[in-house]
Amino acid sequence: MMGRMNPIDSVLEAWKSLSKKEKTAAGIIGAIDTAAKGIALWDLARTDSNHLRGPKWFWTTFIGAANTIGWASYFTVGKKRSGAKNKKK
């Protein structure tokens, strides 16, 4: 199996090939994604289960495991809106 690169070496090689601007952009995007995940988990911990679509254990797992899609889905789908559309007559 000569010629196969270790996955870690492959990632390191790809990182080293990036320019300084590309590395900076990746760092900023990573920091924003991490902060958004933390905010989503913080919000989930303080939100009553009645205001969620699905159980808290699901959203905790999904936010933690699915990266950007996890926290974005939580805010767009997981939380019930309290706007005029959802008010019962």
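Close Cβ contacts (under 9 Å, 6 or more residues apart or on different chains) running from residues in segment 47-74 that are over 21 Å from Ala35 (Cα atoms) to residues that are exposed (fewer than 13 other Cβ atoms within 10 Å of the Cβ) and among the small types (Gly, Ala, Ser) comprise His51/Ser82; Pro55/Ser49.
Taken over segment 44-55, residues that are closer than 14 Å to Val77 by Cα and within 16 Å of the chain's Cα centre (by Cα) amount to 1. Among the conditions (1) modelled with pLDDT under 95; (2) open to solvent by less than 60 Å² (accessible area, probe 1.4 Å); (3) more than 14 Å from the chain's Cα centre (by Cα), Asn6 misses just one, which is (2).
Residues in segment 15-68 that are open to solvent by 80 Å² or more (accessible area, probe 1.4 Å) and touching a helix residue (DSSP H, G or I) at 6+ places or on another chain (Cβ under 8 Å) were compared, and the one that is modelled with the lowest pLDDT is Asn67.
The values are calculated or read from the model by the stated rules, or taken from the named source; none is laboratory data. What you see is a predicted model; the values in this text were computed from it and never measured. Backbone-built Cβ (ideal geometry, glycine too); neighbour counts: all protein chains shown. Remember, those area values only see protein heavy atoms, side chains included, never the ligands or the DNA or RNA. Shrake-Rupley method; radii C 1.70, N 1.55, O 1.52, S 1.80 Å.
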